[in-house]
Amino acid sequence: MKNQLVADILYQIADLLDLKGEIFFKTRAYRMAAQTIEVLDEDIEVITKENRLQDIPGVGEALAKKIKEIVETDKIEYLEKLKKEIPEELLKMLNISGLGPKRVAALYKNLGIKTIDELRKACIEGKLRNLDGFGELLELNILRGIQVMEQTSGRALLHVAIEDGENYLSFIKKFDKVKRASLAGSLRRRKETIGDIDILASSESPDDVMDYFVKYNDINRVLLKGSTKTSVVLNDNLQVDLRVVKDESFGAALQYFTGSKEHNVKMRSLAIKKGYKLNEYGLFDKQSESYVVGKNEEEIYKKLGLEYIEPEMRENRGEIEVAANGKLPKLISYNDIKGDLHVHSNWSDGLESIESISRFCKKIGYEYVGISDHSQSLKVARGLSEERIIKKIAEIEKINKKISNFKVFCGTECDIKPDGSLDYNNNILKKFDFVCAGIHLGFKMNKTDATNRIMKAMENNYVNCIAHPTCRLMGRREPFELDMEKIFEKAKETNTFLEINSFPDRLDLNDLYIKQAKEKDVKFIIDTDAHNLHHLSFIKYGIATARRGWLEKKDILNTKSINEIEKILVK
Ligand code: DGT
Ligand code: CA
Ligand code: CA
C-alpha cells in the first residue's frame with residue numbers, strides 16, 4: 001500500500017507551498033486530499049490502476065495526475081522542484097516542533113531568519129515574542145524543538161538500524177574465516193536511536209575478513225579500510241564500524257565496543273581497584289601484565305566480582321553497584337509476551353479483520369489478543385460509535401467460538417478529552433473487556449493541566465491502562481511536559497497499567513521513565529499499537545525498552561497466561 005507515501009508527499013507539497021506563501025485554497029487542496037488518502041480503506045495503487053482517482057473527494061484532474069506519478073515512481077518531480085526553490089535550512093526548520101510553514105515564512109519575512117542558528121539566537125534574545133502569532137511560550141517551545149531535532153538528527157531509529165545491522169551480520173557470519181561475530185555498540189544495547197552500527201568479529205585472518213566485508217552489496221562508500229577497523233556507509237546513509245580481533249580477545253572487545261562509554265569507565269576503574277587492567281584485548285594482571293581472561297564477556301564480569309550484566313542495562317545507571325551485590329533483576333526475555341493488547345482492526349483505522357489478526361497472533365504463539373480500536377471522536381481514524389461497538393462485540397464472540405485455544409478481548413483505545421473526561425460514558429466503557437485511555441488531540445497544554453488530564457482519566461474505574469503516556473513521536477513531536485512522579489503515584493494508587501508502546505518512533509514510556517515507575521511499583525503492558533500484521537513484530541522494541549528500564553516478567557501484565565489475565569481484566 002502506498003497510501004501513506006502519497007499522503008506524506010502531498011503534506012510536504014502543502015507545507016512548501018505555504019512556505020512560499022501560496023494562496024490558501026491551493027494548499028488546502030493538497031492537505032485535504034492527504035487527509036482523505038491517509039485513512040482510505042482502499043489501496044491507492046488499485047484506484048490508480050482503475051483510473052478512479054478523481055472519485056476521491058477533493059481530487060481533481062491535476063491532483064490525480066500528481067498522485068499517479070507518486071504511485072508509479074514513488075516520488076514526484078513537482079516536489080523536487082519546490083525544494084530547489086527554497087533554501088535548505090528553511091526546509092529543515094519545518095521539522096522543528098512548534099514551527100509550521102506559515103511561521104517559518106513569517107520569521108523569514110519579518111526577521112530575516114534563514115538558518116537554525118539564527119533562529120536559536122533570536123529565541124534566546126526574545127525577538128520572536130512581539131511578532132504577530134508568536135509569544136514567550138512559543139519561543140521556549142521552539143528552543144526545545146531545536147534541541148529535540150538536534151538530538152535525533154543524524155541518528156537512526158532502532159528498528160531501521162537493527163534491520164541493517166542484522167542483515168550485515170548474517171552476511172559476515174557466512175564467511176568461513178570468521179570465527180565469532182556480534183553486533184556491538186548502542187545497537188546491541190538496543191538504545192532507541194543509533195548513531196552508527198558497530199559490528200565485531202574474531203578471526204585469525206583479519207585482512208581476508210576485511211576484504212570480504214567491503215564486498216557487502218548494500219554499501220554506498222568505504223570510509224576507511226584497515227586490518228583492525230573498517231568503516232563504511234550504507235545506501236541509506238547509516239555508518240557501520242567493523243572491527244576484527246583475535247578470538248581470545250573477543251569477549252573483552254565485545255564488552256568494550258558494546259559500551260556504553262560510561263559503563264566502561266566504571267568497569268575499568270573497578271578493575272584497577274581489584275588489581276587488574278581492563279581493555280579491549282582482555283583483563284590483565286596489573287603487576288605482571290599477564291592475560292587473565294577475555295574470551296567471553298561472562299568471565300570478565302565474574303572475575304570482577306559482578307553478576308553478568310545484560311547489554312541493555314549497560315548505561316551506568318547503577319547496574320554495576322547492583323551487580324556487585326548480586327541483586328540484578330532477572331530481565332523479561334524476548335519471548336515472554338503472551339499476547340498483544342493494543343491492536344487496531346479494520347473496524348477503525350487498522351488494515352486487517354479481527355479474524356485474520358487473531359489467526360495470525362495464534363500462529364506466532366500468542367494465547368490472546370486485545371483489539372483496541374479508536375473511540376468515537378476520532379473521526380479521521382474511524383472511531384467506533386456505540387452502535388458499532390455492540391456489533392463488534394458480537395463479531396468477537398463469534399470469532400472466539402471459531403478459534404480454539406485462543407482468546408480475543410474487546411478493548412478500546414479511548415480518547416482522553418482535554419478536561420480529563422473520556423470519549424465514552426461509563427455505560428459504554430463497561431461493555432469492553434478492558435479500556436486503554438490515551439491522548440490523541442489537543443496537545444498544547446501546560447504541565448499542570450496535562451498532568452491533571454491524565455490523572456483524572458486514571459481515576460475512572462473502567463480505565464485499565466494509559467496508552468503512550470507522553471505522546472512523543474521521536475523527531476516529530478516532543479513528549480508532553482508532565483509531572484511524571486505524580487503520574488506514577490496515581491498509576492500505583494489506582495492500579496492503572498502504563499503502556500510501553502513498541503511502535504519504533506514512540507517507545508513510550510521510555511527506558512528512564514520505566515525505571516522510575518518501577519521504583520514506585522507501577523505495573524506495565526507492552527504492546528505494539530499495530531495497524532497491520534507486520535507491526536505486530538515491533539513488540540521486540542518494546543521489550544528491549546522494558547529491559548533497558550530493568551523490568552522483570554512479573555512487572556508486565558501481558559506476560560501472564562490467559563487464565564490469570566482474564567481474572568485481572570474482565571470484571
Ligand atoms: P552511538 O553510535 O552514538 O549510538 O553510540 P555507541 O555507544 O554505539 O558509541 P560508538 O559507536 O561511538 O562507540 C561504540 C562503543 O565503543 C561505545 O559504546 C563504547 C566504546 N567506546 C568508543 N569510544 C570510547 C572511548 O573513548 N572510551 C571508552 N571507554 N569506550 C569507548
Ligand atoms: Ca555506535
Ligand atoms: Ca561506532
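The values are calculated or read from the model by the stated rules, or taken from the named source; none is laboratory data. Keep in mind that what you see is a predicted model, and the values were worked out from it rather than measured. With ideal geometry, Cβ positions are generated from the backbone for all residues, glycine too; neighbour counts draw on all protein chains shown. Heads up: the accessible areas ignore ligands, DNA and RNA and are worked out on the full protein's heavy atoms, side chains in. Shrake-Rupley method; radii C 1.70, N 1.55, O 1.52, S 1.80 Å.
Side notes on the structure shown:
- Residues of segment 183-203 that are part of a strand (DSSP E or B) and either among the acidic types (Asp, Glu) or more than 8 Å from ligand 2 (Cβ to nearest atom) (or both): 183, 193, 198, 199, 200, 201, 202.
- Long-range neighbours under 6 Å by Cβ, at least six apart or interchain, first residue over 14 Å from residue 160 (Cα atoms) within segment 180-198, second charged (D, E, K, R) and near ligand 2 (Cβ under 6 Å from one of its atoms): 184/198; 185/198
- Complete set of residues in segment 247-275 that are open to solvent by 30 Å² or more (accessible area, probe 1.4 Å) and not hydrophobic (A, V, I, L, M, F, W, C): 248, 256, 261, 262, 266, 268, 269, 273, 274
- Hits in segment 234-280 - residues which are of a type outside the set (Asp, Glu), within 13 Å of ligand 3 (Cβ to nearest atom) and farther than 12 Å from residue 300 by Cα: 238, 239, 240, 242, 243, 257, 258, 259, 260, 261
- None of 523, 540, 554 is surrounded by fewer than 21 Cβ atoms within 10 Å (Cβ to Cβ), of a type in the set (D, E, K, R), at pLDDT 95 or above and within 19 Å of the chain's Cα centre (by Cα) except 540.
- Test result for residue 179, within 22 Å of residue 158 (Cα to Cα) and either aromatic (Phe, Trp, Tyr) or more than 16 Å from ligand 2 (Cβ to nearest atom) (or both): no
Quick grid of which residues meet (1) open to solvent by 30 Å² or more (accessible area, probe 1.4 Å); (2) assigned by TED's automatic domain parsing to the domain that holds residue 450; (3) acidic (Asp, Glu):
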residue	(1), (2), (3)
309	no, no, no
332	no, no, no
344	no, yes, no
347	yes, yes, no
350	no, yes, no
358	no, yes, no
361	no, yes, no
379	yes, yes, no
419	yes, yes, yes
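- Residue within segment 88-101 that is over 20 Å from residue 145 (Cβ atoms) and assigned to a helix (DSSP H, G or I) present: no
- Selection within segment 452-471 - assigned to a helix (DSSP H, G or I) and either crowded, with 19+ Cβ neighbours inside 10 Å or in contact with a Leu (Cβ under 7 Å, 6 or more places away or on another chain) (or both): 453, 454, 455, 457, 458
- Residues in segment 472-499 that are assigned to a strand (DSSP E or B) and either of a type in the set (D, E, K, R) or touching a Leu at 6+ places or on another chain (Cβ under 9 Å) (or both): 477, 497, 498, 499.
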